[in-house]
Amino acid sequence: MDNKKTPDLDVKEAYPAYNEYFTYSDYIKWDDSIRRELIDGKVYLMAGPNRSHQGILGELYLQFGNFLKGKHCKVYMAGLDVRLNADTLDDTVVQPDLVIICNHSVLDKAGCKGVPDMVVEILSPSTSQYDLTTKFNRYLKAGIREYWIVDPKNRTLAVNILKDGTYITHAYTDEETAPVLVLEGCVIDLSDVFEE
């Protein structure tokens, strides 16, 4: 590991982690045991998920996975590197909690080298502002068609649908079902998602 190009991993504040500019070629040289993302060349450290986060993630993955069984689109859980601008600066690598990909040409051995159809982020106290602002704006800029923000604390879901270069937001509570725009016929039961 090149110490001159490694972010300060002892930083106490989760975001932002470092002020130097990096690209994917730097990112792949770093220690895999440290969770981090790159957005427009800037490093953001990621906190580990708690039990509630994992329960919600598991239920969402189960519902999406059951719907997609035998279908063309695929769902992937957190840990998949998504390079949103690999064809240009290659300075943005995110790991959404869930990713839906219908265009298999963006998949490679390392992950997703392009724009997925949909991403889901589950808020936590240390990442909520990051997900609601930095990632929101980056996903919008990349042209991700559907961005779900799950709020475990308030037991709500914000569904952001891309239309004419902006996100139109639809809000749902834990007692509703939420249709998935990019997957015709798919509806997620939020009472099961927020069961705990």
*Filter the range 17-55 down to residues that are over 21 Å from Asp131 (Cβ atoms) and part of a helix (DSSP H, G or I), then give me how many there are.*
3
*Please work out which residue is farthest from the chain's Cα centre (by Cα), limiting yourself to the range 56-92 and to residues that are part of a loop (DSSP other than H, G, I, E, B), closer than 21 Å to Leu140 by Cβ and charged (D, E, K, R).*
Asp87
_Kindly evaluate Asp91 against the criterion of being surrounded by 13 or more Cβ atoms within 10 Å (Cβ to Cβ) and modelled with pLDDT of 95 or more._
yes
*Which number in (1) over 12 Å from the mean Cα position of the chain (by Cα); (2) within 13 Å of Met46 (Cα to Cα); (3) outside any helix (DSSP H, G or I) marks the one condition that Pro96 misses?*
(1)
*Looking at Glu121, is it under 21 Å from Glu196 (Cα atoms), at pLDDT 95 or above and in contact with a Lys or Arg (Cβ under 8 Å, 6 or more places away or on another chain)?*
yes
_First in the range 49-69 and over 15 Å from Val119 (Cα atoms), second anywhere and among the small types (Gly, Ala, Ser) and surrounded by fewer than 17 Cβ atoms within 10 Å (Cβ to Cβ), Cβ under 9 Å, 6 or more apart_ = Phe67/Gly185
*Is it the case that Val182 is touching a residue at least 60 places away in the same chain (Cβ under 8 Å), in a loop (DSSP other than H, G, I, E, B) and under 18 Å from the mean Cα position of the chain (by Cα)?*
yes
*Could you grab me the full set of residues in the range 108-142 that are assigned to a strand (DSSP E or B) and without any contact (Cβ under 8 Å) to a residue 24 or more places away in the chain?*
Asp108
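The values are calculated or read from the model by the stated rules, or taken from the named source; none is laboratory data. Model, not experiment: these values are computed from the prediction. Glycine also receives a Cβ, built like all others from the backbone with ideal geometry; neighbour counts cover every protein chain displayed.
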